[in-house]
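Readers should treat all values here as calculations from the given coordinates under stated rules, not as data from a laboratory. Just so you know, these numbers come straight off a predicted model, no measurement behind them. Every residue, glycine as well, gets a Cβ built from its backbone with ideal geometry; the counts of neighbours run over all protein chains shown.
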There are 2 protein chains.
Amino acid sequence: MPTYSSQFPDPIALVTVATKTRTNVMTVGWASPVSSKPPILMVSVAPRRFTHDLILEAGEFGLSILANDQKKLSELAGTLTGSKVDKLAKPEFETFDAEKIRAPLIKGARAWFECTLHSHQTVGDHTVFYGAVLKTRVDETKSPLVLFHRRYYALGEERGVYP
Amino acid sequence: MPTYSSQFPDPIALVTVATKTRTNVMTVGWASPVSSKPPILMVSVAPRRFTHDLILEAGEFGLSILANDQKKLSELAGTLTGSKVDKLAKPEFETFDAEKIRAPLIKGARAWFECTLHSHQTVGDHTVFYGAVLKTRVDETKSPLVLFHRRYYALGEERGVYP
């Protein structure tokens, strides 16, 4: 049976988190809105990830939806581990201060969400973190990066407006 | 503040469900993998949707990831309600039988998942349904439809392989 999860066109987003003593960034593809009012989104993170316990400790996280020219950041944040490397100290990650949370956000992205941890739940081999969105920022000049079938894509031809 | 949810590049998928007495189909954009082993995905559905209680009654559902030439099906399944119209009786919806579940699947899609209901949870104004994936089918000749910022897109230029 083919890997089911590769069949979803996914956003590529960077989760940022900061406790009083540590910051980290990791790449997620399993992220989605789940509620309109109040605005709540979800990200699914494996417990072995360094970021996992940092989110629990901080009680909040940032999410930066990467633009289609930021593949390099997805690779860096997805293949290094915060247990060995201070990824956000690398020059490739340019950040700016969030307004409502301690974690920084990633410059050059398409959109940014500042979230407080609403709740979390173990589902299979991952933890689903629900984040209540405290603030949204958008750069309308950027277009998002999409992951599908283990390859990165830009958005292509527009096929019309959602009714 | 801009609508946060429109900033995610979303898949466009059709949820199909069948109880002993009714079948229905609805469009979802808020769908994502959440667990690898076992394979579990999530779809977020508003309680006012006709499909919502059908999923609870059936205890299972199908998910068809639409191909980039199936925008019309997304519109039909997303704007009509099963409480007034038997959408799957419309000629536009061509279906085939699933193997593990009662609900039919939608012909011409990119991928199909047959799910048994793992659990569900109210999150804000939606219900998150977790589906344990019993069977995955893929049509590698199709490319998925993506929704972003309230517009439909095909995938565009490939930007490399995920590491």
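Observations on the model:
- With a 10 Å cut-off around each Cβ of B:24-35, the average count of Cβ atoms from other chains is 6.
- Think of it as helices only: each DSSP H run of n ≥ 4 in chain B is worth -39500 (n - 2.57), and spread over all residues that comes to -3000 deg cm²/dmol at 222 nm.
- In chain B, the beta carbon lying closest to the axis that superposes B onto A belongs to the residue given here with its whole-angstrom distance, B:GLY156, 1.
- In this structure, B:GLU92 and A:ASP53 have a Cβ-Cβ separation that, at R0 = 45 Å, corresponds to a calculated FRET efficiency of about 0.40.
- Segment A:GLU158-A:VAL85, length gained on full extension (0.36 nm per residue, minus Cα span): 22.3 nm
- Radius of gyration and maximum dimension Dmax of the range B:101-163, Cα, Å: 15.5, 39
- As a rough guide to protection, the peptides B:34-41, B:125-132, A:16-23 ranked by mean Cβ packing within 10 Å, highest first, stand as B:125-132, B:34-41, A:16-23.
- Test item: A:36-46 mean partner chain Cβ contacts at 10 Å: 5
- All Cα pairs of the protein assembly as shown, percent lying beyond 30 Å: 30 percent
- Highest-first packing order for the peptide set A:96-109, B:74-87 is A:96-109, B:74-87, based on the mean count of other beta carbon atoms within 10 Å.
- Here the Karplus curve 6.51 cos²θ - 1.76 cosθ + 1.60, taken at θ = phi - 60°, turns the phi angles of the range A:156-161 into couplings of x, 4, 6, 10, x, 9 Hz, with x standing for Gly and Pro.
- Here the protein assembly as shown is assigned +1 on the Cβ of each Lys and Arg and -1 on the Cβ of each Asp and Glu. Its dipole about the Cα centre then comes out at about 140 debye.
- Taking amide H positions as modeled 1.01 Å from N, with prolines and chain starts lacking one, the residues under 5 Å from B:ILE40 and 5 or more places away or on another chain are B:VAL34, B:SER35, B:VAL133.
- Amide hydrogen neighbours beyond the local backbone of A:THR127, cut-off 5 Å, H modeled: A:VAL45, A:ALA46
- Applying 1/(1 + (r/R0)^6) with R0 = 56 Å to the Cβ-Cβ distance of A:THR21 and A:ASP69 gives a FRET efficiency near 0.95.
- Phi-derived couplings, Karplus 6.51 cos²θ - 1.76 cosθ + 1.60 at θ = phi - 60°, listed residue by residue for the range B:15-32: 8, 10, 8, 9, 9, 5, 10, 9, 10, 7, 9, 9, 8, 10, x, 8, 9, 7 Hz, with x used for Gly and Pro.
- With a 10 Å cut-off around each Cβ of A:110-120, the average count of Cβ atoms from other chains is 2.
- Under a 5 Å amide H cut-off, with hydrogens placed 1.01 Å from N, A:VAL25 pairs with A:LYS87, A:LEU88 among residues at least 5 apart or on other chains.
- When both the range A:4-82 and the range A:115-133 are represented by their alpha-carbon centers, they are found 11 Å apart.
- Placing a label point 7 Å from the Cα of B:THR122 along the Cα-to-Cβ direction, the residues of the range B:28-47 whose backbone N falls under 17 Å from that point are B:44-47.
- Qualifying lysines (Cα of each under 27 Å from Cα of A:LYS107; at least 8 residues distant if same chain): A:LYS20, A:LYS71, A:LYS72, A:LYS84, A:LYS87, A:LYS90, A:LYS135, A:LYS142
- Karplus-derived 3J(HN,Hα) values for the range A:80-90, using 6.51 cos²θ - 1.76 cosθ + 1.60 with θ = phi - 60°, are 9, 10, x, 6, 10, 10, 7, 4, 5, 7, 6 Hz; glycine and proline are entered as x.
- Copy-to-copy label distances for B:THR122, where each label lies 7 Å from Cα along Cα-to-Cβ, are 2.5 nm in order of increasing length.
- Over all distinct Cα-Cα pairs of the range A:4-163, the Kirkwood formula returns a hydrodynamic radius of 15.9 Å.
- For the options A:LEU73, A:LEU134, A:LEU54, a Gaussian network treatment of chain A with springs between C-alpha atoms closer than 10 Å singles out A:LEU134 as fluctuating the most.
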